[in-house]
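Only one structure is covered here, and it is reproduced in the block below.
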Amino acid sequence: MKPCLNPSRRAFLGMSAALAVGTLLAPSRARAVDGVAARRTVIIDTDPGQDDAIAILLALGAQDRLDVRALTAVAGNVPLALTERNARIVRDWAGRTDTLPVYAGCPRPLTRELITAANVHGRSGLEGVVLHEPRAPLAVQHAVPYLVNALSHAAPHSVTLCAIGPLTNIASALIEAPQCRRGLREIVLMGGAFFERGNITPAAEFNVYVDPQAADVVLSSGVPIVVLPRDVALKAPITPARLASLRALGNRCGAIVADIMAAELAYNKKRRGVDEAPMYDPTAVGYLVDPSMFNGRQVNVVVETTGQWTLGETVVDWDGRSGRSCNAIWINDVDADRFYASLAEHIATLP
Ligand code: BDR
Ligand code: CA
């Protein structure tokens, strides 16, 4: 990989042709440049989680763009026994009980004890919605051997991993079978913060903080990586008006997404006194659905794995001062109105 020389001189729009990723181009031009219409093969690694549930529904509603092959669950927002259960509930909501396998993966981070966000997402992990007993069991295999096998046998550079929880499952697969990198087209992940501060500590965003060692493995892997950080989540906030547009769809999944958004708004009102909430994981899926809604820069990003006060901080070399090689595209802008229009359009296709 070439060193990122003078990235600050790269205007965002000038970057698009070289990187072949989304930029804030007019949609028709973006399609021509980026091949946005091509359908991606996707595995979603997730810790549902309220926003994970919305992200999964968005992906399943975007069948024109995404061929979602499996959900792999990881411990994060709540313990694994709940995240894998919630993943199976979400697939039921989308009418995919029999056609979308759910694999349970790692119950704790690589080296640390699990920290959850049950105070945010509720004890079930899906505060705000009524949960039923999942209609079908887990796939028998553990998520890590599933990933190793699926990626090792995939056509070269054909599979996109969408990672919206701590990166434990993915790092474990990369450690166990480095050759499985060949099957990966890219890893598109929600995690990290740079222009905004952390949400679990002053320095760190939750997904990276829960398993910084795993994030380090992934970011050092050499796989093409796109990061949707907290910076972007705050630029596309959930608002009462945006919630109302999902409610107005009139279908079951629209109501579920609206109910989850309402719970997120209520939490933020209570905690921060504001009428909006960050939109996290769905931005990673939104990027896959249509990268032309997003804007970013190719950078070097490293994770603080030992800091006393900064554990889990993502250090982004935005201006190319370090001389370190680029290892990721760091997204820092989104056309929020287009994102919400796309979310509603795709949720509308679900039951
Ligand atoms: C991330 O942390 C989790 O609580 C959310 O599901 C999201 O993946 C945001 O920091
Ligand atoms: Ca998540």
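The values are calculated or read from the model by the stated rules, or taken from the named source; none is laboratory data. Everything numeric in this text was worked out from a predicted model, so none of it was measured. Note: ideal-geometry Cβ built from the backbone for every residue, glycine included; neighbour counts use all protein chains shown. The accessibility values were calculated without ligands, DNA or RNA, using every heavy atom of the protein model including side chains. Shrake-Rupley method; radii C 1.70, N 1.55, O 1.52, S 1.80 Å.
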task: Using only the Cα atoms of region 249-339, build the gyration tensor, take square roots of its eigenvalues as a ≥ b ≥ c, and label the shape rounded, prolate or oblate: rounded if a/c is under 1.5, else prolate if a/b is larger than b/c, else oblate.
output: oblate
query: Taking a probe of 1.4 angstrom, what is the accessible area of Thr306 in Å², to the nearest 10?
result: 120
query: Non-local amide H neighbours of Ala328 (under 5 Å, H modeled in plane, Pro and chain starts lacking H): which ones?
result: Val299, Val301
Dipole axis of the chain (+1 Lys, Arg; -1 Asp, Glu on Cβ), positive-most option in Gly125, Tyr103, Ser322: Ser322
- line: Quick calc, the chain, dipole around Cα centre from Cβ unit charges on Lys, Arg (+) and Asp, Glu (-), nearest 20 debye, gives 460
- prompt: Using Cα pairs under 8 angstrom and six or more residues apart, how large is the relative contact order of the chain, in percent?
  reply: 23
- request: Pick out, from Asn300, Val218, Pro48, the residue whose Cα sits farthest towards the positive end of the charge dipole of the chain, with +1 on the Cβ of Lys and Arg and -1 on the Cβ of Asp and Glu.
  value: Asn300
- prompt: About its Cα centre, what dipole magnitude does region 222-338 give when the only charges are +1 on Lys and Arg Cβ and -1 on Asp and Glu Cβ, stated in debye to the nearest 20?
  reply: 280
statement: Expressed to two decimals, the chain has a Cα Rg over Rh, using the Kirkwood radius, of 0.93
task: Tell me what the chain gives for mean residue ellipticity at 222 nm when only DSSP H runs of n ≥ 4 count, each as -39,500 (n - 2.57), the sum divided by the residue total, rounded to 500 deg cm²/dmol.
output: -11000 deg cm²/dmol
message: Rounded to the nearest 20 debye, what is the charge dipole size of region 83-216 about its Cα centre when +1 sits on each Lys and Arg Cβ and -1 on each Asp and Glu Cβ?
response: 200
query: What FRET efficiency do you get for Ala241 and Thr111 if R0 is 51 Å and r is their Cβ-Cβ distance, rounded to the nearest 0.05?
result: 0.70
Cα-based shape type of region 185-236, given that a ≥ b ≥ c are square roots of the gyration tensor eigenvalues and the cut on a/c is 1.5: oblate
- request: Let me know the shape class of region 24-183, please: from the alpha-carbon gyration tensor, a ≥ b ≥ c as square roots of the eigenvalues, rounded when a/c is under 1.5, otherwise prolate if a/b is greater than b/c, or oblate.
  value: oblate
